[in-house]
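Comments concern the structure below.
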Amino acid sequence: FAALLALSRYGWREEDLQVLLAPGAAVLFPGQPPVAWDALHFAAFRRFFRAHMVARGEFQQFDFAHANLRVAIRRQLQTEWRPTAADPLPALHTAIADCLESTLHDAPVRPDEMMFQTLGTRDLPRFTRYYAQPTSGSGKLAEFLVEENSSSRHEILDFLLSALSDETLSESEQAVIGKKVIFELYKDLSAHDGWALQLPLLEAALALKSRDLAQNPQSAESAHC
């Protein structure tokens, strides 16, 4: 329960947690019997966290009241609570993203969470497939990049640069992702005061478009940039 809240961007509704609990428990407790939702246990957890947990927003999403608690739980997941030698965070993000794409595909929290969870999977092909979709906007990505840059971390930036330099991208993915970075993400970074991030991303996107144009010299879409 704590892990699911810590790995959310904005918290979960009770009905989201009912779906996410079993997949999350399967990552943290491999080989154990499936965990079933129990409303009494949920009420007990809410009482346990008391003022440290709040229900926010229009959809009453349960979330931690303080960002430090979220950070502390993520740190514990990567150290003392590891189910295996591997970092469990990407596997947990993958389980959450899977639910958002299937059972929770029409949940109101999905638009805010999907980009965050997909980045958290650290699965490059999965991210490129998601970002190449017409419905995958760049606003949230710009927000996450600027927020991370203010803390001197560059994990998301490095991940995105890796995606732009991935030579296994299909021609259609190259065209869409390059165009999105140049025309959408560049503008959205300006809106979030992320000017320092624009140059490396623009250079990588232009290099991607150059590769695309070299492979498809007759394509009007490739030549558009």
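The values are calculated or read from the model by the stated rules, or taken from the named source; none is laboratory data. Because the structure is a prediction, the values reported are computed rather than measured. Methodologically, a virtual Cβ is constructed for each residue, glycine included, from the backbone with ideal geometry; neighbour enumeration extends over all protein chains shown. With ligands, DNA and RNA removed, areas are computed over all heavy atoms of the protein, side chains included. Shrake-Rupley method; radii C 1.70, N 1.55, O 1.52, S 1.80 Å.
Against the numbered list (1) farther than 27 Å from TYR130 by Cβ; (2) open to solvent by less than 40 Å² (accessible area, probe 1.4 Å); (3) of a type outside the set (Ser, Thr, Tyr), LEU40 comes up short only at (2). Within region 121-129, does at least one residue satisfy the condition of being of a type outside the set (Lys, Arg), touching a residue at least 40 places away in the same chain (Cβ under 8 Å), under 27 Å from GLN174 (Cβ atoms) and open to solvent by less than 60 Å² (accessible area, probe 1.4 Å)? Yes, that holds for at least one residue. Residues in region 100-112 that are open to solvent by less than 10 Å² (accessible area, probe 1.4 Å) and not in a loop (DSSP other than H, G, I, E, B): LEU100 only. Scanning region 113-135 for residues that are in a helix (DSSP H, G or I) and aliphatic (A, V, I, L, M) returns MET114, MET115, LEU119, LEU124. Within the set VAL176, VAL146, the sole residue that is surrounded by 13 or more Cβ atoms within 10 Å (Cβ to Cβ), touching an Asp or Glu at 6+ places or on another chain (Cβ under 8 Å) and either touching a residue at least 40 places away in the same chain (Cβ under 8 Å) or more than 15 Å from GLY194 (Cβ to Cβ) (or both) turns out to be VAL146.
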